Amino acid sequence: MANREKEIEEEIYDKVVDLTEYAKRQRWWNRLFGNNSGPVAEKYSVATQIAIGGASGWCAGYLFQKVGKVAATAVGGGLLLLQIANNSGYIQVDWKRVEKDVNKAKKQLKKSTHKAGPELNTFVEKSTEFVKKNIVVTSGFIGGFLLGLAS
């Protein structure tokens, strides 16, 4: 009886040791996100992935900042010119027609919001899956993007 209990204890000990060795061999993102961490995680080191993600994120953030400023200037300038033209009498706005068109557009948007749901859900699922598969590159990209916006 004591011999059998000793064998069971040794089996349990061997299984626990095997499990700890398995956990040591696994990368931290594999334990967090599963074994399928994507092709990027298998090819490059963590430092390389963060550098690639950070550099591309900084470029995207910098461009986003510059294009955003130009777009805001163009829209604001256009609205200012339209307001000046309206006050000067160069153009006349039919506000009743504008209100009618806005109400019509609101009704169409309310009807079409239920139809857009499945496409949006699949996009969110695909995006989540991509982020999980490439978590290191994605985190580097986000950090670089924020730095690009700030510079």
Legend entry - Where region 57-150 is the region considered: accessible area per residue in Å², 1.4 Å probe: 82
Legend entry - C-alpha center-to-center spacing [region 121-136, region 72-99] in angstrom: 42
Inset, instruction - Could you please state how large a percent of the accessible area of region 57-150 is carbon and sulfur, counting protein chains only and using a 1.4 Å probe? - result: 68
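The values are calculated or read from the model by the stated rules, or taken from the named source; none is laboratory data. It should be emphasised that the depicted structure is a prediction, and the values quoted were computed from it without experimental measurement. Remember, those area values only see protein heavy atoms, side chains included, never the ligands or the DNA or RNA. Shrake-Rupley method; radii C 1.70, N 1.55, O 1.52, S 1.80 Å.
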